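Everything below concerns the one structure shown next.
The values are calculated or read from the model by the stated rules, or taken from the named source; none is laboratory data. Worth saying up front: this structure is predicted, and the values here are computed from it rather than measured. Here Cβ is always computed from backbone atoms with ideal geometry, including for glycine, and neighbour counts include all displayed protein chains.
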Amino acid sequence: MKCTLIVSFLIVVALFSSCKKEATPAIEKVEINVTLAPGSEFKYELKPYIKNQEFPLITKAPNNYNVSKIIYSDTTIGPVYQYISTLSATGSDKVIIKIIREHEHDPLAIDDHRENDDYTSVIITLNFLFR
């Protein structure tokens with residue numbers, strides 16, 4: 001009887017421990033169309049998309065640029081994307097910026113396991129049209 005009880009308990013523990021929650025990413029997409037004159041500058045504030053200490057990354061660089069970078073100048077402003085097109089830019093151009101955010105964790109929650117937490121990606125696409 002004791003042996004059957006122990007085996008049943010081990011089976012139940014094994015079943016519950018194998019029910020591991022997989023991370024399910026959520027993607028927030030932002031697309032912005034900007035009309036620029038060739039050689040002009042455009043700045044875009046990324047702080048509204050930052051919750052904690054995430055760092056934005058340029059995942060697709062533009063083609064017609066003199067400057068394409070993320071500036072970290074002041075903590076009150078947050079990161080800013082800066083783009084300056086070439087003087088000969090025609091047609092269109094595109095840059096994609098990605099920010100990966102982890103969800104907030106509750107240190108008092110019993111089932112709060114960091115390795116199983118979901119995360120959110122913010123993908124910002126800036127489409128430039130030159131006129």
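Listed here are the residues, each with its yes/no results for (1) of a type in the set (A, V, I, L, M, F, W, C); (2) surrounded by fewer than 11 Cβ atoms within 10 Å (Cβ to Cβ); (3) at pLDDT below 95; (4) farther than 18 Å from residue 26 by Cβ.
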site: 49; (1), (2), (3), (4): no, no, yes, no
site: 53; (1), (2), (3), (4): no, yes, yes, yes
site: 115; (1), (2), (3), (4): no, yes, yes, no
site: 124; (1), (2), (3), (4): yes, no, no, no
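The residues of region 32-57 that are of a type outside the set (Asp, Glu), assigned to a strand (DSSP E or B) and under 22 Å from residue 88 (Cβ atoms), listed by number, are 33, 34, 35, 36, 42, 43.
Looking at residue 66, is it more than 16 Å from residue 121 (Cα to Cα), at pLDDT 95 or above and touching a Ser or Thr at 6+ places or on another chain (Cβ under 7 Å)? So residue 66 fits the description; yes. Considered as a group, the residues in region 69-113 that are over 27 Å from residue 129 (Cβ atoms) and charged (D, E, K, R) include one that is modelled with the lowest pLDDT, and that residue is 112. I'd like the full set of residues that are at pLDDT below 90 and exposed (fewer than 11 other Cβ atoms within 10 Å of the Cβ), limited to region 24-47. Answer for region 24-47, where residues must be at pLDDT below 90 and exposed (fewer than 11 other Cβ atoms within 10 Å of the Cβ): 24, 25, 27.
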